[in-house]
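Colleague: Below you will find the structure I want to go over with you.
The values are calculated or read from the model by the stated rules, or taken from the named source; none is laboratory data. Given the structure is predicted, the values throughout are model-derived calculations rather than measurements. Virtual Cβ from ideal backbone geometry, glycine too; neighbours counted across all protein chains shown. The accessibility values were calculated without ligands, DNA or RNA, using every heavy atom of the protein model including side chains. Shrake-Rupley method; radii C 1.70, N 1.55, O 1.52, S 1.80 Å.
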Amino acid sequence: NAEYMGLSIECLNLLADIVDREPHQQLLFLSCGGVQAVLPRIVFSPTYHTTRREEVVLSAFDCCWSCIFGYAECEATFIRAGGVSACLLALEAISFEGAPFILSALADLFSNRTA
């Protein structure tokens, strides 16, 4: 389970670094089902004890920031797929230190009129 957590974190971080809010890469991310792949990581709630849950959730938000936010079609897909609800659920379960990142991502999402 620890290896799976580490691999999830690394994959999410790698995706965020590769896409880096570049529109062509965001479109590719969308066409490959990236939104649906990342959403479960935002509300990640393992049935086993782990100290890395929050790290997975924050890595998923970093991935959303880089791969989804800022590209209207990705944002619309994220919203339709329940992304806002997932963000709000994550806010309930995450520590105070991680909350500003999630709130600023949501504010950025809501400030985009096309989404």
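Colleague: Mind checking which residues of segment 23-36 are open to solvent by 50 Å² or more (accessible area, probe 1.4 Å) and touching a helix residue (DSSP H, G or I) at 6+ places or on another chain (Cβ under 9 Å)?
Modeller: Of segment 23-36, the ones open to solvent by 50 Å² or more (accessible area, probe 1.4 Å) are 23-25, 27-28, 31-32, 36.
Scanning segment 23-36 gives Gln25, Leu27, Leu28, Gln36.
Colleague: Does any residue of segment 12-26 turn out to be in contact with a Lys or Arg (Cβ under 7 Å, 6 or more places away or on another chain) and either at positive phi or of a type outside the set (Asp, Glu) (or both)?
Modeller: Within segment 12-26, one or more residues are in contact with a Lys or Arg (Cβ under 7 Å, 6 or more places away or on another chain) and either at positive phi or of a type outside the set (Asp, Glu) (or both).
Colleague: Give me the residue from segment 37-59 that is closer than 21 Å to Thr77 by Cβ and part of a loop (DSSP other than H, G, I, E, B) and, out of that set, most open to solvent (accessible area, probe 1.4 Å).
Modeller: Val43
Colleague: Moving on to the next point. If I ask for residues that are farther than 17 Å from Ser45 by Cα and over 14 Å from the mean Cα position of the chain (by Cα), which ones from segment 79-99 would you list?
Modeller: Arg80, Phe96, Glu97
Colleague: Residues of segment 60-73 being open to solvent by 20 Å² or more (accessible area, probe 1.4 Å), outside any helix (DSSP H, G or I) and on the phi < 0 side of the Ramachandran plot, which ones?
Modeller: Going through segment 60-73, the residues open to solvent by 20 Å² or more (accessible area, probe 1.4 Å) turn out to be 62, 65, 70-73.
Keeping just the survivors that are outside any helix (DSSP H, G or I) gives 70-71.
Selection gives Tyr71 alone.
Colleague: For Leu109, state whether it is open to solvent by 20 Å² or more (accessible area, probe 1.4 Å), part of a helix (DSSP H, G or I) and in contact with a helix residue (DSSP H, G or I) (Cβ under 8 Å, 6 or more places away or on another chain).
Modeller: On the way: open to solvent by 20 Å² or more (accessible area, probe 1.4 Å): no; part of a helix (DSSP H, G or I): yes; in contact with a helix residue (DSSP H, G or I) (Cβ under 8 Å, 6 or more places away or on another chain): yes.
Considered against the rule, which asks whether it is open to solvent by 20 Å² or more (accessible area, probe 1.4 Å), part of a helix (DSSP H, G or I) and in contact with a helix residue (DSSP H, G or I) (Cβ under 8 Å, 6 or more places away or on another chain), Leu109 comes out as no.
Colleague: Sort out which residues of segment 80-93 are modelled with pLDDT of 90 or more, closer than 17 Å to Ser104 by Cβ and open to solvent by 40 Å² or more (accessible area, probe 1.4 Å), and write them in order of number.
Modeller: Leu88
Colleague: Could I ask something else about it? Consider Leu27 carefully, then state whether it is within 23 Å of Val84 (Cβ to Cβ), out of contact with any strand residue (DSSP E or B) (no Cβ under 6 Å at 6 or more places or on another chain) and at pLDDT 95 or above. Can you show your working first?
Modeller: Numbers: within 23 Å of Val84 (Cβ to Cβ): yes; out of contact with any strand residue (DSSP E or B) (no Cβ under 6 Å at 6 or more places or on another chain): yes; at pLDDT 95 or above: yes.
Answer is yes for this residue.
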